[in-house]
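The block underneath contains the structure these notes are about, expressed in structure tokens.
The values are calculated or read from the model by the stated rules, or taken from the named source; none is laboratory data. Worth saying up front: this structure is predicted, and the values here are computed from it rather than measured. Please note: Cβ atoms are built from the backbone with ideal geometry, for glycine as well, and neighbour counts cover all protein chains shown. What goes into the accessible areas is simple: the full protein's heavy atoms, side chains included, and nothing from ligands, DNA or RNA. Shrake-Rupley method; radii C 1.70, N 1.55, O 1.52, S 1.80 Å.
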Amino acid sequence: MITAVLPTYARIDLEFERGEGCWLVTTDGRRFLDFTAGIAVNVLGHAHPYLAEALAEQAKKLWHTSNLFRIPGGEKLADRMKASTFADTMFFTNSGAEALECAIKMARKYQYASGHPQKNRIITFEGAFHGRTLATIAAGGNAKYLEGFGPDMPGFDQVPFGDLAAARAAVTDETAAILVEPVQGEGGVRVPSPDFLKGLRALCDEKGLLLVLDEVQSGVGRTGKLFAHEWTGITPDIMAVAKGIGGGFPMGACLATEDAAKGMTLGTHGSTYGGNPLAMAVGNAVLDIVLAEGFLDHVNAMAGRLTQRLAEIRDRHPSVIAEVRGQGLLMGLKAAVPAPDLVTALRAEGLLVPGAGENVVRLLPPLNVSEEEVGIAADKIEAACRRIEASLAAEKVKGAAE
Ligand SMILES: *Cc1c(COP(=O)(O)O)cnc(C)c1O
């Protein structure tokens with residue numbers, strides 16, 4: 001019999017009762033160090049008192065009014081994002097996929113409003129993940145996510161990630177934009193060379209295309225800059241954001257320059273919930289902390305510490321960990337064993353991590369993780385490596401005996 005909740009997720013059988021910073025506590029009292037952080041969402045960990053207070057205060061006043069009326073919290077948040085990024089304007093959504101939907105619509109509408117209605121195709125990259133709506137599974141191009149949901153939404157042309165020449169060769173008279181993650185998260189924590197984004201920017205400028213960045217996972221401090229593209233010195237025309245921006249409250253946003261947004265006039269887009277007062281109260285509280293002096297320095301210091309410990313662990317356990325990759329606290333361990341085995345061994349040590357493509361295990365701690373917690377995580381990773389090595393050795397002995 002089908003479960004009452006549609007069975008689309010392979011859920012781990014753990015029930016959490018509460019969270020405390022970087023830790024999760026199960027209903028039966030077990031404590032786990034949480035380097036999943038809701039898949040790069042809980043940038044300030046669990047039950048952060050400042051966020052809890054902001055949410056509770058707003059909840060006592062006003063939850064929802066719709067976008068038929070002004071929402072002062074949203075105007076404030078947009079002003080602050082405008083002051084901190086390339087963007088002149090932004091649209092609030094409830095999720096990453098919706099932020100991408102807005103970005104895709106905006107890119108097409110820009111070309112339409114510029115007198116190029118035939119320019120409506122978007123170049124995307126292999127290994128990309130942009131969400132699970134019809135447009136975003138077509139943009140992501142992952143056959144597993146597309147199967148059976150056809151007809152596939154047209155308008156996307158996919159080329160290998162990191163391949164500038166292939167992107168150039170894919171541009172036609174119908175190309176409107178290039179859509180790319182500065183660092184692929186779900187795809188396996190793949191960090192392209194800085195020249196790749198710079199090259200895409202130059203290509204867009206040369207051909208009259210918009211550069212659309214998906215910073216849903218890489219944004220809001222995750223890589224040690226407010227947004228990952230800041231490491232490369234270029235800026236996009238449009239950017240989709242979600243995950244970290246709400247610190248666990250469902251919210252997203254599509255940011256754009258004034259020029260890129262020129263087609264998005266009165267009545268062209270909308271959302272009932274997008275940018276509601278509860279979300280905006282939490283979003284502003286997240287920004288209070290992430291934009292504060294020293295916050296990103298802390299992220300970079302913790303990333304440096306974690307990277308150093310992981311490199312040592314890889315050197316000692318090459319039969320378990322093949323490679324350490326990532327940027328800031330968007331880290332990945334490419335496993336030399338099946339990645340799900342490493343995830344399971346880490347959980348047995350009390351460390352929660354998500355997997356990713358390319359046989360990678362992601363490490364996505366809350367950004368306010370302490371140096372002590374980074375050390376505890378590294379010790380648990382080393383213990384998991386020993387656990388796996390012991391079972392590999394036992395299998396070998398067994399194999400030899402047979
Ligand atoms: C998670 C993610 C999305 C989709 O966000 P949802 O909130 O699940 O719709 C899109 N792009 C990237 C890069 C992501 O990591």
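Applying the condition of being touching a helix residue (DSSP H, G or I) at 6+ places or on another chain (Cβ under 8 Å) and within 17 Å of Q217 (Cα to Cα) to the stretch 101-124 and asking which residue is farthest from the ligand (Cβ to nearest atom) yields T124.
I need the full set of residues from the stretch 126-168 which are more than 15 Å from R108 (Cα to Cα), free of Cβ contacts under 8 Å to residues at least 24 places away in the same chain and in contact with a helix residue (DSSP H, G or I) (Cβ under 6 Å, 6 or more places away or on another chain), in order please. Within the stretch 126-168, I137, Y145, L146, D152 meet the criteria. Put simply, of A303, A311 the only residue that is under 30 Å from E53 (Cα atoms) and in the same structural domain as V374 (by TED's automatic domain parsing) is A303. Restrict the check to the stretch 238-252 and report whether at least one residue is more than 16 Å from the ligand (Cβ to nearest atom), open to solvent by 50 Å² or more (accessible area, probe 1.4 Å) and either farther than 30 Å from R386 by Cβ or touching a strand residue (DSSP E or B) at 6+ places or on another chain (Cβ under 7 Å) (or both). Taking every residue of the stretch 238-252 in turn, none turns out to be more than 16 Å from the ligand (Cβ to nearest atom), open to solvent by 50 Å² or more (accessible area, probe 1.4 Å) and either farther than 30 Å from R386 by Cβ or touching a strand residue (DSSP E or B) at 6+ places or on another chain (Cβ under 7 Å) (or both). Would you mind stating whether A279 is open to solvent by less than 60 Å² (accessible area, probe 1.4 Å), in a helix (DSSP H, G or I) and within 16 Å of the ligand (Cβ to nearest atom)? Taking the combined requirement at face value, the residue satisfies it. Being over 28 Å from D259 (Cβ atoms) and assigned by TED's automatic domain parsing to the domain that holds L278: is that true of L77 here? When the stated conditions are applied, L77 does not pass them. The criterion of being modelled with pLDDT of 95 or more, within 16 Å of the ligand (Cβ to nearest atom) and touching a helix residue (DSSP H, G or I) at 6+ places or on another chain (Cβ under 7 Å) does not hold for L203. Looking at the structure I just gave you, is L213 without any contact (Cβ under 8 Å) to a residue 40 or more places away in the chain, surrounded by 19 or more Cβ atoms within 10 Å (Cβ to Cβ) and within 16 Å of the ligand (Cβ to nearest atom)? So L213 passes the test. Screening the stretch 169-191 for residues that are among the β-branched types (V, I, T), open to solvent by 10 Å² or more (accessible area, probe 1.4 Å) and out of contact with any helix residue (DSSP H, G or I) (no Cβ under 7 Å at 6 or more places or on another chain) and picking the one that is nearest to the ligand (Cβ to nearest atom) gives V191.
Condition check for S370 on (1) open to solvent by 10 Å² or more (accessible area, probe 1.4 Å); (2) out of contact with any Pro (no Cβ under 8 Å at 6 or more places or on another chain); (3) closer than 17 Å to G185 by Cβ; (4) in contact (Cβ under 8 Å) with a residue 12 or more places away in the chain: one failure, at (3).
Scanning the stretch 1-31 for residues that are among the aromatic types (F, W, Y) and under 22 Å from E186 (Cβ atoms) turns up just one, Y9.
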